[in-house]
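Here the structure is laid out as structure tokens; the discussion comes afterwards.
The values are calculated or read from the model by the stated rules, or taken from the named source; none is laboratory data. What you see is a predicted model; the values in this text were computed from it and never measured. Virtual Cβ from ideal backbone geometry, glycine too; neighbours counted across all protein chains shown. The area values use the complete protein model at the heavy-atom level, side chains included, leaving out ligands, DNA and RNA. Shrake-Rupley method; radii C 1.70, N 1.55, O 1.52, S 1.80 Å.
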Amino acid sequence: MEGVEDIPEVVMTDGLTWDWEAFPQYLQAIERRPHDIDIATQLPHSALRVYVMGKRGAEREPATAKDLAQMRRLAREAISAGAIGFSSSRLYIHRTSAGDPIPSFEAAEAELHAIAGALGTLKQGVLQFVLGSPSQSFAEELALITRVAQMSGRPTSYSLAQDPANPEGWRAALAQTARANAEGISLRAQVMPRPIGLLVSHNLSVNPFSLCPSYAPLKNLSLADRIKALQQPDVRARLLEEAPGEPTAPLARLGRNFERMFPITDPMDYAQPQRNSISAQAARQGLSPEALAYDLLLAEGGQAMLYVAIANYAYYSLEPAFDMMMDPNAILGLADGGAHYGMIADASYPTFVLSYWARDRKVLSLPKAVKALARDTARAVGLYDRGRIASGYKADINIIDLDRLKVGRPYVSFDLPAGGRRILQDAQGFVATIVAGIPISFHGEQLEARPGRLIRGAKPAPH
């Protein structure tokens, strides 16, 4: 979690009770804590693998027949206890804090069949995958999880975005997904309705110069002292000349993509034209992109941010994202709303759907937008008791002033356990949020009520 999701170890150490071992005990630990909204869980592949295999699992050794039998048993136990599914990542940029691939990376098909088979036997739970292994094409990986979905008979989803290195590849993936569904296999692409982006700043985990050798001694300084050092002409000259080193986290290298790096606006603009990019602005000013980014990031006492659109923006257009979103075999849901604390702020994407696609662009009706965000996503994971306003359904409701709805600019807060840092992003226009019939916020102010509950497993529709 520290390496893949940029969640500092001390935040987890101080913020969690660590009074569980087996998955049913983990669910009990969640249940003991008060929540404002409902929480559902999935069984994570890497944790399962290391629990069963220890160091062999962490080092990605092949699982033995005994290992597979134990994984299958524990998967059955987790789903029976209330996990709504099983999730696995094959993405090459998902690395430990030491830079090693995570335990689930390129796990054998037999291992996936063993675990998914447990869900199939129970006829419960969904499967979810993040794909992106360099040893296989995306089509080959998609074929692999399609076979797993077919064998298990369980609804399966995978993450899909427009890759700038292959900007038309998503079309082939959706065509392949459509063929699978036509054959009776339940397969869906999880998509993002705006660019998948990275925030860079001297006050965050990554900036365009954080991988340069001369930046290393500055990392342990306070922000004020770091900015003071960066303002020195000799330091500036060195950092503008130096090439970045190899990162332990590949995501960090994307923080130098000046062609798709944009200024932060208020309200936040996720559809800026190419002429607004740092590269284009620098060219007009007769500067290098590095020099312009350097100077911009020193603003606001060194707390200034820039936004890098790393996916879904290959053509400086959100039309591909919209086409993905509207595909009948796709569903909204791809986001890092509670991860990458010092890099990404995705939690505001539902507000973006309502304000940008429904209200401003008027290419998506408001009823369809709400259905895509609520009913469709709930049903995709087996929660048929919510997602619509009707008698007998769970009374989770947002009351929205659509004319005032907007996504604010992101900012840094140190409000996590042990003073941990995270990026927050406020939204205007939410009059009230009601959970199980009880208001939990009013005009952006959090109320004291904590009516949220742990969701244990799929829920049928009310009769």
Could you give the length gained on full extension between A139 and T265, defined as 0.36 nm per residue of separation minus the Cα-Cα distance, in nm? 41.6 nm
Starting from the Cα of L287, move 7 Å in the Cα-to-Cβ direction to define the label point; list residues of the range 161-204 whose amide nitrogen is under 18 Å from there. 200-203
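Could you work out how much longer the chain between A237 and K123 gets when fully extended? Use 0.36 nm per residue separation minus the Cα distance between them, nm to one decimal.
On the way: separation 114, 0.36 × 114 = 41.04 nm, distance 6.20 nm.
So the extension gain works out to 34.8 nm.
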Could you pull the Rg and Dmax for the chain, using just the Cα atoms, both in Å? 22.6, 72
Straight-line reach from K66: which lysines fall under 19 Å, measuring Cα to Cα and dropping same-chain residues less than 8 apart? K55
For a quick check of understanding: with a 1.4 angstrom probe and all protein chains in place, what accessible area in square angstrom does R453 have, to the nearest ten? 140
Which value, in debye to the nearest 20, describes the size of the charge dipole of the range 160-274 about its Cα centre when Lys and Arg Cβ atoms bear +1, Asp and Glu Cβ atoms bear -1, and nothing else is charged? 140
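Could you pull out the chymotrypsin sites (Phe, Trp or Tyr not before Pro) across the range 1-70 that fall in loop regions by DSSP (anything but H, G, I, E, B) with no more than 10 other Cβ atoms inside 10 Å? Write out the running numbers ahead of the final one.
Values: sites: W18, W20, Y26, Y51; in loops: W18, W20.
Qualifying residues, ordered by number: W18.
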Keeping all protein chains in the complex and leaving out DNA, RNA and ligands, what accessible area do you get for S135 with a 1.4 Å probe, in Å² to the nearest 10? 80
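Please list S391, S210, S279 in order of solvent-accessible area, largest first, computed with a 1.4 Å probe with all protein chains present. Before the final figure, lay out each step's value.
Numbers: S391 115, S210 10, S279 30 Å².
Descending order: S391, S279, S210.
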Accessible surface, the range 1-124, averaged per residue in Å² (probe 1.4 Å): 48
Dividing the Cα radius of gyration by the Kirkwood radius, what Rg/Rh value follows for the range 71-195? 0.97
Share of antiparallel DSSP beta bridges in the range 112-191, in percent to the nearest 5? 10
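Highest mean first, how do 193-205, 332-344 rank when packing is the count of other Cβ atoms within 10 Å averaged over residues?
Details: 193-205: 23.8, 332-344: 19.4.
Output ranking for 193-205, 332-344: 193-205, 332-344.
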Under 8 Å for C-alpha pairs, at least 6 residues apart: give me the relative contact order for the chain, rounded to a whole percent. 18
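So between K66 and I93, what do we pick up on full extension, going 0.36 nm a residue minus the alpha carbon distance? Display every interim value, and only then the final one.
Details: separation 27, 0.36 × 27 = 9.72 nm, distance 2.97 nm.
Taking 0.36 nm per residue and subtracting the Cα distance, the gain is 6.7 nm.
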Contact order relative to length of the range 35-151, as percent, for alpha carbon pairs under 8 angstrom and 6 or more apart: 29
So how compact is the range 20-70: Cα radius of gyration and Dmax in angstrom? 14.1, 43
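Above 18 Å lies some portion of the pair distances; for the range 282-356, what is it as a whole percent of all C-alpha pairs?
On the way: 1663 of 2775 pairs.
Looking at the range 282-356, the distances longer than 18 Å represent 60 percent of pairs.
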Magnitude of the Cβ-charge dipole (Lys and Arg +1, Asp and Glu -1) of the chain about the Cα centre, nearest 20 debye, reported as 1140
Can you give me the relative contact order of the range 329-427 as a percent, contacts being Cα pairs under 8 Å and 6 or more apart? 27
How far apart, in nm, are two points set 7 Å out from the Cα along the Cα-to-Cβ line at S279 and at S80? 5.5
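Might you tell me the accessible area per residue for the range 357-427, computed with a 1.4 Å probe and given in Å²? Each step should come with its number before you reach the end.
Values: 3990 Å² over 71 residues.
Normalised by residue count, the accessible surface of the range 357-427 is 56 Å².
Keeping all protein chains in place, calculate the accessible area per residue for the range 142-244 (probe 1.4 angstrom), answer in Å². Mind showing how you got there, number by number?
Values: 4280 Å² over 103 residues.
Ligands and nucleic acids excluded, the figure is 42 Å² per residue.
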So, with a 1.4 angstrom probe, what is the percent of accessible area on the chain that is carbon and sulfur? 53
